[in-house]
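A.B. asks: Below is a structure I'd like to ask you about.
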């Protein structure tokens, strides 16, 4: 993604850049935009933008966040070491850092120089130092913070341990020789990967230790409700730092950070304020408000099929459809009966009407039929089989159910009738927001056709992830609405947090099937250290094949993301995040 002092890291960077050249994959619709910002130099300074959401962020604390929409907020309020310009989702650019990272010849040390002149918002008000970056990463491993990807991408830092007590330092793993230098010391030669994408994650956004530590001692931390900003915007707060602009489930109000210095940032930040209004469950009504109103964009939902059809003819200039780099799937809990039976899982995948699920979300216009877990444009996708899939017989390219094959696998699983005859209901938890509820109902019907008795519980997306699907203790058997998008343009970011057994967490778990297969875990650990582009692509392709063969989930969509805006909005879309970029969007 970027040049580096370490030649092997440079080779990896080239591989990642080439890997996303085909962003969007085959079968792309003709309405896709080729640029993220239709008018990059025409931004008008000032004004208020309103973004209509149905739900909330997963965490308001940017050291905990992992939602696509949470990133919309955090990328506007925080400055991670590196970031992305809206029209290039593959090439990291220095943000808080002043230059590219330097990787040692053995791959075990990564050095980053941070820029001067970046200050914390009120009430801290002082200049950011390297120690603030160190503390930000340290706290990600605290049991009170439980950052969901710290182990996957930062776990090789010397001394790092998931679930550490608040106050635990990584003095051997992260050193700060001066106020402008932070050095990451790794136990493995994984510096090329750390420098190739992870340093753009929000975990590297500075956090002032003296101010935040008292909040981090509480479990869970309450720093998010008192957070300090470094970006052009901040959540409106009072004199003590309390985020009065955040009302969970209701709104997030972003205002100008008075301490932000435009000369230190690549983001123009045209808008004066951004108001996120939550609770817009009727997306048809919300869509019409946006298309016929002023100064509005959609947020955590996509327009329903009828609106998409109308917008594509009547409001063409207000509709943007971009590649999502996301795979949607129905996760099956492989640790719980009956889904601990591989043949039974294969039967479920064969029986599912995946095309019906896609139609419920909007049809072919909003995505291609998924046949495995790497997404188009990611290194290893083509090597794993591309659109045709990895070669398993229980997943086809049409999405149509194969009842005969499902019956055969059910018999192999120990059910002579070809249907599930076990007793007791299985718990499925899905999202009630937007079209997700309809998708979850279709998943329930598919399971019932195989003989399962299903209790379907629909909750908010936030609750679905944090309380149920992301919590192994909740004992959820099926999660029909989960989706995973890249953290950076590499196969590791698609497969490691989601299918590596070592990344099963008690809280904020993203390995939703709780797949823990030693062969896959070992293959992922080996692939993470590779730097040769061809070897890395092949390695993640093999992992993808191994995962798909385990049938831990029903893949049914590679996303395209439809976004709508009011006529007077000059919307900029982040191709990295596949959503609106508040820091480049303006009003006409």
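A.B. asks: All but one of (1) at pLDDT 95 or above; (2) out of contact with any strand residue (DSSP E or B) (no Cβ under 7 Å at 6 or more places or on another chain); (3) within 30 Å of residue 251 (Cβ to Cβ) hold for residue 121, so report the exception by its number.
C.D. replies: Unmet for residue 121, out of (1) at pLDDT 95 or above; (2) out of contact with any strand residue (DSSP E or B) (no Cβ under 7 Å at 6 or more places or on another chain); (3) within 30 Å of residue 251 (Cβ to Cβ): (2).
A.B. asks: Report yes if residue 75 is at pLDDT 95 or above, surrounded by 19 or more Cβ atoms within 10 Å (Cβ to Cβ), part of a loop (DSSP other than H, G, I, E, B) and assigned by TED's automatic domain parsing to the domain that holds residue 267, otherwise no.
C.D. replies: no
A.B. asks: Also, I was wondering about something else. Looking at (1) in contact with a strand residue (DSSP E or B) (Cβ under 6 Å, 6 or more places away or on another chain); (2) within 23 Å of residue 201 (Cα to Cα); (3) modelled with pLDDT of 85 or more; (4) buried (at least 22 other Cβ atoms within 10 Å of the Cβ), find the lone condition where residue 98 falls short.
C.D. replies: (4)
A.B. asks: Still on this structure: Take the stretch 32-55 and flag every residue that is in a loop (DSSP other than H, G, I, E, B), within 27 Å of residue 461 (Cα to Cα) and at pLDDT 95 or above.
C.D. replies: The answer is 53, and nothing else.
A.B. asks: In the stretch 399-511, which helices (runs of 4 or more DSSP H) lie fully inside it and hold 2 or more residues that are over 24 Å from the mean Cα position of the chain (by Cα) and either assigned by TED's automatic domain parsing to the domain that holds residue 201 or buried (at least 16 other Cβ atoms within 10 Å of the Cβ) (or both)?
C.D. replies: So the answer is 403-412, 436-449.
A.B. asks: State all residues of the stretch 531-571 that are part of a helix (DSSP H, G or I) and surrounded by 20 or more Cβ atoms within 10 Å (Cβ to Cβ); if no residue qualifies, say none.
C.D. replies: Matches in the stretch 531-571: 536, 537, 539, 540, 541, 543, 544, 545, 547, 548.
A.B. asks: Among the residues of the stretch 105-118, are any assigned to a loop (DSSP other than H, G, I, E, B), surrounded by fewer than 22 Cβ atoms within 10 Å (Cβ to Cβ), in contact (Cβ under 8 Å) with a residue 40 or more places away in the chain and in contact with a strand residue (DSSP E or B) (Cβ under 6 Å, 6 or more places away or on another chain)?
C.D. replies: yes
A.B. asks: Now for a separate question. Report yes if some residue within the stretch 312-319 is under 23 Å from the mean Cα position of the chain (by Cα) and closer than 19 Å to residue 485 by Cβ; otherwise report no.
C.D. replies: No, that holds for no residue.
A.B. asks: Have a look at 261, 317 and point out the one that is surrounded by fewer than 17 Cβ atoms within 10 Å (Cβ to Cβ), in contact (Cβ under 8 Å) with a residue 12 or more places away in the chain and closer than 28 Å to residue 235 by Cβ.
C.D. replies: The unique qualifying residue is 261.
A.B. asks: What's the number of the condition residue 70 fails, among (1) touching a residue at least 24 places away in the same chain (Cβ under 8 Å); (2) surrounded by fewer than 24 Cβ atoms within 10 Å (Cβ to Cβ); (3) not in a loop (DSSP other than H, G, I, E, B)?
C.D. replies: Looking at each condition in turn, residue 70 falls short on (1).
A.B. asks: Determine if the stretch 352-372 includes at least one residue that is touching a residue at least 24 places away in the same chain (Cβ under 8 Å), in a strand (DSSP E or B) and under 24 Å from the mean Cα position of the chain (by Cα).
C.D. replies: Yes, the stretch 352-372 contains at least one residue that is touching a residue at least 24 places away in the same chain (Cβ under 8 Å), in a strand (DSSP E or B) and under 24 Å from the mean Cα position of the chain (by Cα).
A.B. asks: All but one of (1) free of Cβ contacts under 8 Å to residues at least 60 places away in the same chain; (2) farther than 19 Å from residue 50 by Cα hold for residue 245; which doesn't?
C.D. replies: Condition (2) is where residue 245 drops out.
The values are calculated or read from the model by the stated rules, or taken from the named source; none is laboratory data. Since we're looking at a predicted model, the values are computed, not measured. In this analysis, Cβ positions are derived from the backbone assuming ideal geometry, glycine residues included, and neighbour counts consider all displayed protein chains.
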